[in-house]
Amino acid sequence: MSDGAGTLAARLAAVRGSIAAACREAGRDPAEVTLLPVSKTFGEDVIREAVGLGLRRFGENKVQEIQAKAAGLADERLDWVVIGHLQTNKAKAVAKLAAEVQSLDRLDLAVALDKALQAQGRAIDVLVQVKTSREESKFGLVPEALPGFLDELKAFPSLRLRGLMTLAEASPDDAVVRACFRTLYRLRDRARDAGHPADRLSMGMSGDFALAIAEGSTEVRIGSAIFGARSYKPV
Ligand SMILES: *Cc1c(COP(=O)(O)O)cnc(C)c1O
């Protein structure tokens, strides 16, 4: 814990410094950009260390992993944020454990989540995941379907719409990556113009957060730059 650049504390400080630098470069106030640490694949000991550094909100992409970690870390009362593709049959577990879902991408999932949340007497914040890249492997609602979907979401009292989320195309070309983020920014503006409470823009990961901040991100989801390389590939 005490020897310099290889520690979690040092990597977290470096990431915070890079976020602030990207904000300055973009003429933005660093207070506008939230850091969501992504702890997927890392165990309870690492998360406890992160909690010791003041982190309380963690992004995870698998419900089973949240279930295991939430049980082991129940004493810490952490906020678990779902950022991965969600199967509808996981709605009950999400309704019990998640503080927020950023990967809401279809109506049947909204129906299932709202029903499960109502049964729990809870409401949670949600972001709608939009597919802004051309890659087949990426999940998310296609941009053309977003306006109608946002209108439909009004029917679900337990889902509090807060904004949009995307993953940029994995491309070595910054212009391609930025175009994905710019698409989300424009969709957010249109959503707000239509009266939706969609202020937040969750975009940017370890490899592309500076570009996302330049394009208006309000929340960057950062895993490997804080926690180190993951030992297995996320699904
Ligand atoms: C894993 C993951 C991240 C973080 O990725 P890093 O490259 O490790 O920063 C961000 N968003 C989503 C949706 C993820 O699944």
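Can you find, within region 207-227, the residue that is surrounded by the most Cβ atoms within 10 Å (Cβ to Cβ) among those that are among the small types (Gly, Ala, Ser) and either outside any helix (DSSP H, G or I) or in contact with a His (Cβ under 9 Å, 6 or more places away or on another chain) (or both)? Top of the filtered list is SER217.
Going by what's in this entry, would ALA225 be described as over 23 Å from ASN61 (Cα atoms), at pLDDT 95 or above and among the hydrophobic types (A, V, I, L, M, F, W, C)? Judged against the criteria, ALA225 is not a match.
Is it the case, given these coordinates, that GLY54 is under 29 Å from ASP199 (Cβ atoms), at pLDDT 95 or above and within 13 Å of the ligand (Cβ to nearest atom)? The answer is no for GLY54. Taking each residue of region 26-53 that is assigned to a strand (DSSP E or B) and looking for partners that are among the polar types (S, T, N, Q) with beta-carbon atoms closer than 8 Å, six or more apart or interchain, yields THR34/THR218; LEU36/SER202; VAL38/ASN61.
Exactly one residue out of ASP125, ASP75 is open to solvent by 20 Å² or more (accessible area, probe 1.4 Å) and either in contact (Cβ under 8 Å) with a residue 12 or more places away in the chain or under 24 Å from LEU161 (Cα atoms) (or both), and it is ASP125. When you scan region 147-199, how many residues do you find that are closer than 21 Å to ALA116 by Cα, in contact with an Asp or Glu (Cβ under 8 Å, 6 or more places away or on another chain) and open to solvent by 80 Å² or more (accessible area, probe 1.4 Å)? Final tally of qualifying residues: 3.
The number of residues in region 203-235 that are within 8 Å of the ligand (Cβ to nearest atom) and small (Gly, Ala, Ser) comes to 5. Among residues that are free of Cβ contacts under 8 Å to residues at least 12 places away in the same chain and open to solvent by 10 Å² or more (accessible area, probe 1.4 Å), GLY140 is not included.
The set of residues from region 128-137 being of a type outside the set (Ser, Thr, Tyr) and free of Cβ contacts under 8 Å to residues at least 12 places away in the same chain comprises just one member, GLU136.
If only residues of region 92-122 that are among the charged types (D, E, K, R) and more than 17 Å from THR166 (Cβ to Cβ) are counted, the one that is surrounded by the most Cβ atoms within 10 Å (Cβ to Cβ) is ASP114.
The values are calculated or read from the model by the stated rules, or taken from the named source; none is laboratory data. Note that this is a predicted model, so its numbers are computed, not measured. Note that we place each Cβ from the backbone using ideal geometry, even for glycine, and neighbour counts take in every protein chain shown. Areas reflect the complete protein model, heavy atoms only, side chains present, ligands, DNA and RNA absent. Shrake-Rupley method; radii C 1.70, N 1.55, O 1.52, S 1.80 Å.
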